[in-house]
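Single-structure report; data block below.
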Amino acid sequence: VQLQAYGGGLVQAGGSLRLSCTAAGHTFSDHSMAWFRQAPGKEREFVAGINWNSGSTYYADSVKSRFTISRDNAKNTVALQMSSLKPEDTAVYYCAARGYGSASKREYVYDYWGQGTQVTVSS
């Protein structure tokens, strides 16, 4: 099973970026998906998640109303649309997949992880 995250880059504060994560090697529609991030010197943290069955979404308070997670089961892809970016959003962003269970902020429930994509927001 492979998750490939891409779309990161350098953006000015207030700008937007769209991250995508493509899955291969498993039944994507059976997996809840999530985005986590890890800033330098900090622990990895939950950003957003989307359930495999209901499509319900969840967000960290720090990104609520600025970020939107979505999925396209036909394309085996989950996306994270980020707007109104702040310097504190700078981090490596990871996508993760969990078979059948609900999306969660707990890292240990996820079965697969992508390699990460760097997002840098300049002030």
Quick one: 3J(HN,Hα) in Hz for the range 56-72, Karplus 6.51/-1.76/1.60 with θ = phi - 60°, rounded, Gly and Pro as x. 4, 10, 9, 9, 5, 4, 5, 10, 4, 6, 10, 10, 9, 9, 8, 9, 10
Largest to smallest accessible area among Y58, Y93, Y108 [probe 1.4 Å]: Y108, Y58, Y93
Vicinal HN-Hα couplings computed from phi for the range 104-109 (Karplus, 6.51 cos²θ - 1.76 cosθ + 1.60; Hz; Gly/Pro x): 8, 7, 8, 4, 5, 7
To the nearest 0.05, how large is the calculated FRET efficiency for S70 and S123 if R₀ is 22 Å and r is the Cβ-Cβ distance? 0.20
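Note down, for the chain, the three equivalent ellipsoid semi-axes (square root of 5 times each alpha carbon gyration tensor eigenvalue), biggest first, whole angstrom.
Details: eigenvalues 103, 37, 36 Å².
Output for the chain: semi-axes of 23, 14, 13 Å.
Could you give the dipole magnitude of the chain about its Cα centre, charging the beta-carbon of Lys and Arg +1 and that of Asp and Glu -1, in debye to the nearest 20?
Details: 12 positive and 9 negative charges, 30 e Å.
Approximately 140 debye in magnitude.
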Only Cα pairs under 8 Å and at least 6 apart count here; give the relative contact order of the chain as a rounded whole percent. 37 percent
Charged-residue dipole, Cβ positions (Lys, Arg, Asp, Glu), the range 31-86 about Cα centre, Debye nearest 20: 140 debye
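The values are calculated or read from the model by the stated rules, or taken from the named source; none is laboratory data. What you are looking at is a predicted structure, and each value in this text was computed from that prediction instead of being measured. Cβ atoms come from the backbone with ideal geometry, glycine included; neighbour counts cover every protein chain shown. Accessible surface areas use protein heavy atoms only, side chains included; no ligands, DNA or RNA. Shrake-Rupley method; radii C 1.70, N 1.55, O 1.52, S 1.80 Å.
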